[in-house]
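Engineer: One structure coming up, written as structure tokens, with questions to follow.
The numbers here are math on the coordinates, done by the rules we state, and not lab data. Keep in mind it's a predicted model, so treat the numbers as computed, not measured. All Cβ positions, even for glycine, are placed from backbone atoms using ideal geometry, and neighbour counts span all protein chains on display.
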Amino acid sequence: MRVIDLFSGCGGMSQGFKQAGYELVAAYDNWTAAVAVYRANFDHPIFEVDLSTLKSVENIQSFQPDMIIGGPPCQDFSSAGKRDESQGRADLTMTFAEIVACVKPEWFVMENVDRIRKSSVLHQTKSILKNAGYGLTESILNANLCGVPQNRKRYFLVGELDSYDGVLTPYFEKNLADKLLTIHDYLGDSLGIEYYYRHPRSYQRRGIFSIYEPSPTIRGVNRPIPSTYKQHPNDAAPNTRSLRALTTIERSYIQTFPKDFTFEGTKTNLEQMIGNAVPVRQAEYIAKCIFEYIADKTNDNLIENTASTQLQLL
């Protein structure tokens, strides 16, 4: 299945679909730093363009994709942002839908923060896609139950052309893990620490975590523990001596990027692109669920066709 990644960032979603066996043929993003990292890790082309103008539709069509995937910028919906749809980035969610409606691939997969469910933009986005003939499956999935050692709930909207709504829901639900995945489950003792600091959004929240629990959501901000940090009653460790934050590369491991994935650039840019990325194994989870659905659908059609042929022979 030929796949194009829109708003690809550094390539978390692309890597996940690649690991699931899909053929990535092109990617598009407008952030120079992320494009450079993407280009260093994939053989197919990535185009540095502003997708909001829709001028790239003809170029996208030329690749004849079977599927379009992507995570339009989510800052206007995010709990870490201003949650103001008038800022303009929310429009890129509708741009994603408009591109899909123009290109008409058999499938699309869109990822965003779970708060998008409360937005007017999502309603308009779904209308565009329904009018283009897609059956839609919506799901809020915790990455932790998809093979990622991190609590990270994200919204996925998946569409199949000329299909029905909700066809993938049983697959998304039945394949989820039945227990939480901790950092230690995933990485063992390779980090060389038992506790670490993750800068909280406010000091009313804890900042010290254990590798024997899932990581909190990896965000675009990563700071060292301040000398003025005051213990929170829910901190995993009783004191802050010798504690450190996870390094940039360690955070990429929590996002389940493979260890041979190349990250080059400024620390600020890398922290942000890693925090913004779709966790690789969560993307792989979605990709495998779609494959399973297609396989079952194909088998059902074969059975129906075989039965029909046998009846005709009788």
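Engineer: Can you give the helix-only mean residue ellipticity at 222 nm for the chain, where every DSSP H stretch with n ≥ 4 adds -39500 (n - 2.57) and the sum goes over all residues, rounded to the nearest 500 deg cm²/dmol? Spell out each step's value before the answer.
Structural biologist: On the way: 10 runs with 111 residues, N = 314.
Calculated at 222 nm, the ellipticity per residue is -10500 deg cm²/dmol.
Engineer: Rounded, prolate or oblate, given the Cα gyration tensor of the stretch 166-205, with a/c below 1.5 counting as rounded?
Structural biologist: On the way: a/c = 4.29, a/b = 1.65, b/c = 2.60.
Judged from the Cα gyration tensor, the stretch 166-205 comes out oblate (a/c at least 1.5, b/c at or above a/b).
Engineer: If one takes the longest principal axis of the Cα atoms in the chain, at what angle in degrees, from 0 to 90 and to the nearest 10, does the Cα axis of helix 267-276 lie?
Structural biologist: 50 degrees
Engineer: Is the C-alpha gyration tensor of the stretch 222-285 telling us rounded, prolate or oblate? Criteria: a/c under 1.5 is rounded; beyond that, a/b larger than b/c is prolate, otherwise oblate.
Structural biologist: Judged from the Cα gyration tensor, the stretch 222-285 comes out prolate (a/c at least 1.5, a/b above b/c).
Engineer: State the antiparallel share, in %, of DSSP beta bridges confined to the chain, rounding to the nearest 5. Working shown, then result.
Structural biologist: Numbers: 19 of 37 bridges.
So the antiparallel bridges in the chain amount to around 50 percent.
Engineer: Rounded to the nearest 20 debye, what is the charge dipole size of the chain about its Cα centre when +1 sits on each Lys and Arg Cβ and -1 on each Asp and Glu Cβ?
Structural biologist: 1480 debye
Engineer: Take the chain, connect every pair of alpha-carbon atoms lying under 10 Å apart with a spring to form a Gaussian network, then pick out the residue of Asn175, Asn299, Asn112 with the largest mean-square fluctuation.
Structural biologist: Highest fluctuation among the options: Asn299.
Engineer: Ok, one more. Using a Gaussian network model on the chain with a 10 Å cutoff between Cα atoms, which of Arg223, Arg241, Arg205 fluctuates the most?
Structural biologist: Arg241
Engineer: Compute the helix-to-body angle for 91-103: its Cα long axis versus the longest principal axis of the chain, expressed 0 to 90° and rounded to tens.
Structural biologist: Taking the Cα atoms of the chain, the angle to 91-103 is about 30 degrees.
Engineer: May I pose another question? Would you mind checking the pairs Lys153/Lys259; Lys18/Lys288; Lys18/Lys259; Lys104/Lys126 and listing those with alpha carbons more than 18 angstrom apart?
Structural biologist: Result: Lys153/Lys259 exceed 18 Å.
Engineer: Further question on the same structure: From the Cα gyration tensor of the chain, with a ≥ b ≥ c the square roots of its eigenvalues, which class applies: rounded if a/c is under 1.5, or else prolate if a/b is larger than b/c, or else oblate? Each step should come with its number before you reach the end.
Structural biologist: Details: a/c = 1.97, a/b = 1.58, b/c = 1.25.
Taking the square roots of the gyration eigenvalues as a ≥ b ≥ c, the chain is prolate.
Engineer: Turning to a different aspect of this structure: Just going by the charge dipole of the chain, with Lys and Arg at +1 and Asp and Glu at -1 on Cβ, which of Gly159, Ser56, Gly16 is farthest out on the positive end?
Structural biologist: Gly16
Engineer: GNM on the chain, C-alpha springs below 10 Å: top fluctuator among Leu92, Leu145, Leu243?
Structural biologist: Leu243
Engineer: Taking the 0 to 90 degree range and rounding to the nearest ten, how far is the long axis of helix 280-313 tilted relative to the main principal axis of the chain, both from C-alpha atoms?
Structural biologist: 20 degrees
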